[in-house]
Amino acid sequence: MYRNDSRTVITLDAGGTNFVFGAMRANEFIVEPITMPSNADDLDKCLATLVSGFEQVIARLDCKPVAISFAFPGPADYPNGIIGGYLPNFPSFRDGVALGPFLEEKFGIPVYINNDADLYAYGEALAGALPAVNEKLKALGSGKQYKNLLGYTFGTGFGMGFVTDGELHIGDNSCVETFCLRHKLHPDVMVEEGVAVRAVKRVYKEQSGVDDPTLEPKDIYDIAEGKREGDKEAAAKAFATMGEVAGDAMATAVTIVDGLIVIGGGITAAGKYLKPALLSELRSQIHTLDGGTLNRVQMKVYDLDNEAEFEEFARGEQRTIKVYGTDKEVTYDPQKRIGVMFSKIGASTAISLGAYAFALNEIDKQ
């Protein structure tokens with residue numbers, strides 16, 4: 001979708017240290033990115049930087065952009081473009097800033113601001129994992145096609161967004177999230193404490209007894225791989241624990257949404273240690289009071305990064321059944337199934353694609 005669209009949308013990667021400005025057309029960046037210090041602790045300087053960055057991008061374009069669209073940290077009233085609340089990386093925004101209306105006044109075009117995990121999910125749904133899986137299913141002769149997707153980001157936090165039939169859902173309060181679900185291993189703690197950079201570092205410290213605050217997940221991954229000195233078993237356990245805790249939260253969410261799961265973020269590089277525990281949790285069982293058991297997730301869960309499993313996923317249990325009282329037959333596949341995969345396009349690209357698509361989709365609704 002939109003890969004052949006001629007309209008241009010201005011984008012922004014809004015970090016607490018730097019702003020990176022760009023522009024997209026037909027799902028591709030069309031200007032060299034412009035990087036400027038965000039000045040996040042000074043509202044006047046921060047807003048002036050935003051205006052300057054967008055002006056510089058517009059000056060490089062060969063046509064007028066139709067919108068500005070980007071992700072910005074919350075809490076926020078995203079539909080109305082208002083940012084405010086506890087923002088560690090943007091302290092000058094804490095009292096509330098009508099950022100969207102401010103930029104619309106300056107540039108005279110629509111401005112769309114969203115949560116980064118929401119735009120990640122939207123990008124994967126429209127131009128990443130979802131169309132790729134559906135195309136592969138079709139190529140393998142499967143009649144199964146998917147419309148729903150849960151997108152997760154593993155990084156400084158545990159972000160989530162979901163898309164159904166091409167529409168991004170943000171809720172009535174811009175609060176569609178799973179970061180505050182219960183932590184499986186510590187039920188009085190929120191799940192994000194177990195699925196984030198800080199979780200990997202903490203569990204490695206607990207398991208190894210080594211208190212080294214300089215260690216990052218990449219270092220711990222290198223320890224697990226034997227490329228760096230340290231406790232290999234503790235390093236592998238740090239990622240496996242994260243996978244277990246994430247899988248528990250995903251099992252709850254996917255039971256409600258019933259769609260594919262795609263995971264992005266730098267920590268997915270440690271997927272060989274993460275995913276087995278994550279899948280084990282999604283494939284686990286729960287019990288009834290009379291001693292019965294049933295699957296935690298009612299759909300069969302496949303690892304779509306595994307080619308053999310993808311082929312089985314494509315086959316399903318398709319068969320033909322007769323239409324009662326006639327000679328006709330219809331195709332029937334009784335297997336309920338979903339799949340889990342890591343992002344192939346990367347979280348940053350998916351967020352940009354999501355921002356571009358969101359703007360055009362909103363404009364087309366008008």
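The values are calculated or read from the model by the stated rules, or taken from the named source; none is laboratory data. Bear in mind that the values here come from a model prediction, so they are computed numbers and not experimental data. Virtual Cβ from ideal backbone geometry, glycine too; neighbours counted across all protein chains shown.
Does at least one position in the range 250-259 carry a residue that is surrounded by 15 or more Cβ atoms within 10 Å (Cβ to Cβ), under 24 Å from residue 220 (Cβ atoms) and not hydroxyl-bearing (Ser, Thr, Tyr)? Yes, the range 250-259 has at least one match. Consider the range 264-281 and keep the residues that are hydrophobic (A, V, I, L, M, F, W, C) and surrounded by fewer than 22 Cβ atoms within 10 Å (Cβ to Cβ). The one that is nearest to residue 138 (Cα to Cα) is 279.
Counting only helices (runs of 4 or more DSSP H) that sit completely within the range 74-163, those holding 3 or more residues that are under 13 Å from the mean Cα position of the chain (by Cα) correspond to 116-127. Considering the range 312-366, and only residues there that are over 20 Å from the mean Cα position of the chain (by Cα) and among the aromatic types (Phe, Trp, Tyr), the residue that is farthest from residue 67 (Cα to Cα) turns out to be 324.
Hey, among the residues in the range 109-125 that are among the hydrophobic types (A, V, I, L, M, F, W, C) and modelled with pLDDT of 95 or more, which one's farthest from residue 262 (Cα to Cα)? Residue satisfying both the conditions and the ranking: 109. Please verify whether the range 101-124 includes one or more residues that are without any contact (Cβ under 8 Å) to a residue 60 or more places away in the chain, within 30 Å of residue 65 (Cβ to Cβ) and among the hydroxyl-bearing types (Ser, Thr, Tyr). Checked against the condition, which is being without any contact (Cβ under 8 Å) to a residue 60 or more places away in the chain, within 30 Å of residue 65 (Cβ to Cβ) and among the hydroxyl-bearing types (Ser, Thr, Tyr), the range 101-124 yields no hits at all.
Cβ-Cβ contacts under 6 Å between residues 6 or more apart (or on different chains), taken from a first residue in the range 264-279 that is in the same structural domain as residue 160 (by TED's automatic domain parsing) to a second residue that is of a type in the set (Asp, Glu) and in a helix (DSSP H, G or I), are listed as 277/244.
Which residue is nearest to residue 114 (Cα to Cα), if the candidates are limited to the range 10-57 and must be acidic (Asp, Glu) and in contact (Cβ under 8 Å) with a residue 40 or more places away in the chain?
In this case the residue turns out to be 13.
Would you pick out the residues in the range 51-72 that are touching a helix residue (DSSP H, G or I) at 6+ places or on another chain (Cβ under 9 Å) and closer than 26 Å to residue 2 by Cα? Within the range 51-72, 54, 55, 58, 64, 65, 66, 67, 68, 69, 70, 71, 72 meet the criteria.
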